[in-house]
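> Could you have a look at this structure, given as structure tokens, before my questions?
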């Protein structure tokens, strides 16, 4: 895992720790923070960060909802 990916993961994990125990306002499954972790793990820092950003932009009252998995990696 690249150093940038480690920093991004640490930021997401920090966010999860700060807001642990509160009701999740996320409209999607998995939650946006778990989606970000899966995207970074599966696609790397740049593409995973981009996928997480796009997901956060869809997470609003008029946006999508329901099951929204991370796309499969294109690596062989």
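> Would you check which residues across the stretch 35-57 are in contact (Cβ under 8 Å) with a residue 12 or more places away in the chain and more than 18 Å from residue 2 (Cα to Cα) and list them?
Residues satisfying the conditions are 35, 55, 56.
> Based on what the data block shows, is residue 21 surrounded by 16 or more Cβ atoms within 10 Å (Cβ to Cβ), at pLDDT below 95 and either in a loop (DSSP other than H, G, I, E, B) or within 13 Å of the chain's Cα centre (by Cα) (or both)?
When the stated conditions are applied, residue 21 does not pass them.
> Let me ask something else about it. Would you point out the residue of the stretch 56-73, among those that are over 9 Å from the mean Cα position of the chain (by Cα) and in a helix (DSSP H, G or I), that is surrounded by the fewest Cβ atoms within 10 Å (Cβ to Cβ)?
Among those that are over 9 Å from the mean Cα position of the chain (by Cα) and in a helix (DSSP H, G or I), it is 57.
> Here's something else I'd like to know. Please go through the stretch 8-18 and pick out each residue that is touching a residue at least 12 places away in the same chain (Cβ under 8 Å) and either farther than 17 Å from residue 54 by Cβ or surrounded by fewer than 16 Cβ atoms within 10 Å (Cβ to Cβ) (or both).
Those that are touching a residue at least 12 places away in the same chain (Cβ under 8 Å) and either farther than 17 Å from residue 54 by Cβ or surrounded by fewer than 16 Cβ atoms within 10 Å (Cβ to Cβ) (or both): 9, 13, 15, 16.
> Quick check on my filter: what residues within the stretch 24-55 are surrounded by fewer than 19 Cβ atoms within 10 Å (Cβ to Cβ) and either in contact with a strand residue (DSSP E or B) (Cβ under 9 Å, 6 or more places away or on another chain) or outside any helix (DSSP H, G or I) (or both)?
24, 25, 26, 27, 29, 30, 31
The values are calculated or read from the model by the stated rules, or taken from the named source; none is laboratory data. For clarity, every value in this text was computed on a predicted model and none was experimentally measured. Cβ sites come from the backbone with ideal geometry, for glycine too, and all protein chains shown count toward neighbours.
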